[in-house]
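Below you'll find the structure I mean.
The values are calculated or read from the model by the stated rules, or taken from the named source; none is laboratory data. As the structure is a computational prediction, the values presented were derived from the model and not from experiment. Backbone-built Cβ (ideal geometry, glycine too); neighbour counts: all protein chains shown.
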Amino acid sequence: MKGRIAVIVMALLLVFYLVLVGWRAVLFVQSGEPIGIIIGVALIVLPLIGAWALVREISFGTRCERLVKQLDAEGELPVNDLPSRPSGRPYRDAADAQFPQYQAAVDAAPQDWRAWFRLGLAYDASGDRRRARSALRTAMALEKTAS
């Protein structure tokens, strides 16, 4: 729940920022000065890129959450029994020890989105965020084609 509240707050702050910066950008563009126009365009483009990135992240998180709920309902969500630090992050050695079973499941069933999703969770537990996101995206694509 805290994550959702944080996302909502960030999205509202971004909208507020876009309104304020957009107003300033228009004023810069209307100045007629070449440097003012360049600054105005930058003030329009850069926040739009930020908004696009935020929308992508929210979409990714929403889709992940939906797949977690589906795996949990099916009883196929892996049990998080790894020893963890006080922060809640698992110790990497323990996560790395469990990793081969998830990799083997993907090798055995490369078209199974559930195996890919569990592999993504294993990558995340091992601290490899880039591969975790890649595996989760693969799981989402496979689940979409399976539906």
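Which residue, of 105, 42, is touching a Lys or Arg at 6+ places or on another chain (Cβ under 7 Å) and assigned to a helix (DSSP H, G or I)? Walk me through how you get there before you give the answer.
On the way: 42 fails: touching a Lys or Arg at 6+ places or on another chain (Cβ under 7 Å).
On inspection, the qualifying residue turns out to be 105.
Now, a different point. Could you list, in sequence order, the residues of the stretch 65-107 that are among the aliphatic types (A, V, I, L, M) and either within 19 Å of residue 137 (Cα to Cα) or touching a strand residue (DSSP E or B) at 6+ places or on another chain (Cβ under 6 Å) (or both)? Before the answer, list the steps.
We begin by selecting, within the stretch 65-107, every residue among the aliphatic types (A, V, I, L, M); these are 67-68, 71, 73, 77, 79, 82, 94-95, 97, 104-106.
Result: 67, 68, 71, 77, 82, 104, 105, 106.
Here is a further query. Could you grab me the full set of residues in the stretch 54-102 that are part of a loop (DSSP other than H, G, I, E, B) and among the acidic types (Asp, Glu)? Can you show your working first?
Restricting attention to the stretch 54-102, the residues satisfying the condition of being part of a loop (DSSP other than H, G, I, E, B) are 75-83, 85-89, 91.
Matches in the stretch 54-102: 76, 81.
Also, quick follow-up: If we scan the stretch 108-116, do we find a residue that is buried (at least 18 other Cβ atoms within 10 Å of the Cβ), outside the structural domain of residue 69 (by TED's automatic domain parsing) and either without any contact (Cβ under 8 Å) to a residue 12 or more places away in the chain or polar (S, T, N, Q) (or both)?
Kept after step one, since they are buried (at least 18 other Cβ atoms within 10 Å of the Cβ), are these residues of the stretch 108-116: 113-116.
Okay, now just the ones that are also outside the structural domain of residue 69 (by TED's automatic domain parsing), so 113-116.
Narrowing the set further to residues that are either without any contact (Cβ under 8 Å) to a residue 12 or more places away in the chain or polar (S, T, N, Q) (or both) leaves none.
Within the stretch 108-116 (the criterion being buried (at least 18 other Cβ atoms within 10 Å of the Cβ), outside the structural domain of residue 69 (by TED's automatic domain parsing) and either without any contact (Cβ under 8 Å) to a residue 12 or more places away in the chain or polar (S, T, N, Q) (or both)), the answer is no, since none of the residues qualifies.
Among the candidates 81, 72, 124, which residue alone is free of Cβ contacts under 8 Å to residues at least 12 places away in the same chain, surrounded by 15 or more Cβ atoms within 10 Å (Cβ to Cβ) and either farther than 30 Å from residue 21 by Cα or aromatic (Phe, Trp, Tyr) (or both)?
Values: 81 fails: surrounded by 15 or more Cβ atoms within 10 Å (Cβ to Cβ); 72 fails: surrounded by 15 or more Cβ atoms within 10 Å (Cβ to Cβ).
Residue meeting the stated conditions: 124.
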